[in-house]
Structures are given as structure tokens and as C-alpha cells.
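One structure is given below, encoded as C-alpha cells.
We did not get these values from a lab; they are worked out from the coordinates using the rules stated. Keep in mind it's a predicted model, so treat the numbers as computed, not measured. Neighbour counts run over all protein chains shown; Cβ positions are idealised from the backbone, glycine included.
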Amino acid sequence: MLVARDAVADGRAGARQELAGLPIRPGRDLFLKPDESVGGRHRDMSIEIGGLLSYSSADVEDCRHFWIACVDALPAGTPILEVVRRRHTVDVSRVAGREFRLGVPDFDGRHRVTTTSPEFARLVLSPEVVSLVTSWPAGFRWRIEGGRILAWGPGRLHAKRVEPTLDRLTALTAAIPGTAGTERFDAA
């Protein structure tokens, strides 16, 4: 699940930490819109989508809408890995650790990868995953954390935004080595 709805509404710290990366920015409060948070299945995978409001505690008029989509597919203890196009590096979260270069010049030149585990990044970013990721639109950002693969975007939650994202996330999940059997992730 994204977060426990009551935990966000009550403002408990644990909920904020569960979504510590983007689109959540430091110094801003978070509210998961309960009427826009749904779980279910997409292409036989467990998913959750939700609408988020992020606002400045200093100025409640400064409110931003985001949507988030998750596929729950990995063991809970997986390291953090985030991949964004280099032109979007201003949006790279700081929770994902250090920058990692795969050693594939075209991929490294176009994408910024940050991770808490270089070994995990090498495992996940197989040639099949790299080929898939480079075929997607430039604005697609994704992260692995807490046993889920997630993507997000600005604006309100709409099916026209979320459905293609879920298609990409489920394709990504299927392409990652070890998602059918987690033994390869346990070693990372």
C-alpha cells in the first residue's frame, strides 16, 4: 500500500517517511486524498494508485497536486533505486543514495541512476530493462523502494495518465531479473 490513509491524515511521521522521495519535497506537508487512493490488480500484479496534495506549512495556498502509481512486486527489504532522464535531474530525490553509472554510455548519458546499493542496480538494470527504459518517454521517472516499484507525475489523478504508467511499471516488473523468484534479490 502507498501509506495508511489515517497515518497521513493524522500527520504521523512514519507515513511521511514511507513516501520520503519525490514527489514529496522536504519542508512540505503531505496529504493522501482518501477518495483517490485505490488498490487492485493490473496485468495480474498488485497495484495501488493515489492522488496526493503537497503544500507548504508556511503557505497553505501553495498547494500542488501529484499522482502516484505503485506495483507491489519485490521483497520488502530491497535497496532503493531511482531512474530519471538527465534533463529531469533537478527532480531526483535525495533518498536514493549515490549516483550510479552502469557503464553503458548511451544509457548513462541519458539517465541518472541513484541507489543505496550499486550491486542491486547492476542486477536490476539488465540489458532487457535498459532497452525497455530507453524506449519510454523522456519524462518517465521511476523508483524501487520498500518492495514496490513506483512512478509519479504532476497534476491530478486521471486514468489517462495512470493507465500508461501502470502498463510501463508492470512491463518493468516483468523484465527485472528475479521478480518471478526473489532469490537473486536476496543476494543483493
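Net charge of the neighbourhood of G109, taken over other residues with C-beta under 15 Å away and scored Lys/Arg +1, Asp/Glu -1, is +3. Put in order of Cβ neighbour count within 10 Å, fewest first, the listed residues C63, C70 become C63, C70.
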